[in-house]
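> My questions will all concern the structure given below.
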Amino acid sequence: MITVRVPAKVNVQLGVGGLRADGFHDLANVFFAVGLFDEVTATPGEGVTLSCTGPDAASVPLDDSNLAARAARLLAAHHGLADPGVHLHIAKAIPVAGGMAGGSADGAAALVACDALWGLATPIGTLLELAAELGSDVPFALLGGVALGRGRGEILDALPVAGTFHWVFAVADGGLSTPAVFRECDRLREEAGTGSSEADVPTPDADPALLAALASGDPVALAAALTNDLQAAALSLRPSLADTLHAGTEAGAIGALVSGSGPTCAFLAKDAESAEAIAAALRTSGTCRTAHATHGPVPGAEVSAPRP
């Protein structure tokens, strides 16, 4: 039995370029791994089977549409294994369809867990290539820390970061479809008259002020630099998120934004004590299902020590 712990992410910058001919958008995506974790446990089995526990377990597909199952099959195919033979149990804590890459995290964890269970010792470079085949956010879940993602987000460069930043995540009821949020982003751009194609929208790049804030460990500077080009689209599809953002700011957050495609909202706090107070206020605000205080950056998918 192999258990792998894998973190959620927040996008401290999500710059979205125009719609490409292949249906994707070029991104300048600054991923930041935070201490909210799923665990994926791999045990020998027949074929590839899945189970799941946790607050959102009922929303997790247990068929081959799940990225964890797809990861196991992809790794097996890469190594020519005819019968993968694994059961994957997902202990879910990352919100489902919440803009924190929980499904991608599970795919990354499954790659690491199956690789260890089957004794394959696949090089990290190969695992990253397989992860990119699974989805744009999967490679970052393997690495963790802080990284700039280009292309669809799968081309990663690690970024320097100093110290620890303190975060609060407000979890909404229900999820948002990432493709739907991107479509709404394109629609809003067309409605505004700016156009939505890659010919209309400049290719985004990382914000130098944000990179400097990360490198210096300055939470106030990072708070001032937080941006998400999908936030307007997420708010258009879920207007109530504006109330959540307001509640967290009123409770003392120094920065606030929708996480990725939403609907989870992320709040940057000045310190750990402030983060706990913001989370407590959000839980009683009536604007979200629950809220979690945590910190980052944290490592990516890694094998957990066996429990006694």
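All of the numbers you see were taken from the coordinates with simple rules; none came from a lab. This one's a predicted model, so the numbers in the text were calculated from it and none came from an experiment. Heads up, the Cβs are rebuilt from the backbone with ideal geometry, glycines too, and the neighbour counts pull from every protein chain shown.
> Spot the failing condition for Ala97; the list is (1) closer than 27 Å to Asn11 by Cα; (2) in contact with a strand residue (DSSP E or B) (Cβ under 7 Å, 6 or more places away or on another chain); (3) in a loop (DSSP other than H, G, I, E, B), and only one is missed.
The number of the failed condition is (2).
> What number of residues within segment 135-171 are surrounded by fewer than 22 Cβ atoms within 10 Å (Cβ to Cβ) and in a helix (DSSP H, G or I)?
So the count comes out to 1.
> If you don't mind, another one. Out of all the residues in segment 185-200, is one or more over 21 Å from Ala28 (Cβ atoms), part of a helix (DSSP H, G or I) and among the basic types (Lys, Arg)?
yes
> Restrict the check to segment 10-20 and report whether at least one residue is closer than 30 Å to His166 by Cα, touching a Cys at 6+ places or on another chain (Cβ under 8 Å) and part of a strand (DSSP E or B).
The answer is yes, given that some residue of segment 10-20 is closer than 30 Å to His166 by Cα, touching a Cys at 6+ places or on another chain (Cβ under 8 Å) and part of a strand (DSSP E or B).
> Which of the residues that make up segment 1-58 are small (Gly, Ala, Ser), closer than 30 Å to Ala272 by Cβ and free of Cβ contacts under 8 Å to residues at least 40 places away in the same chain?
Residues satisfying the conditions are Gly54, Ala57.
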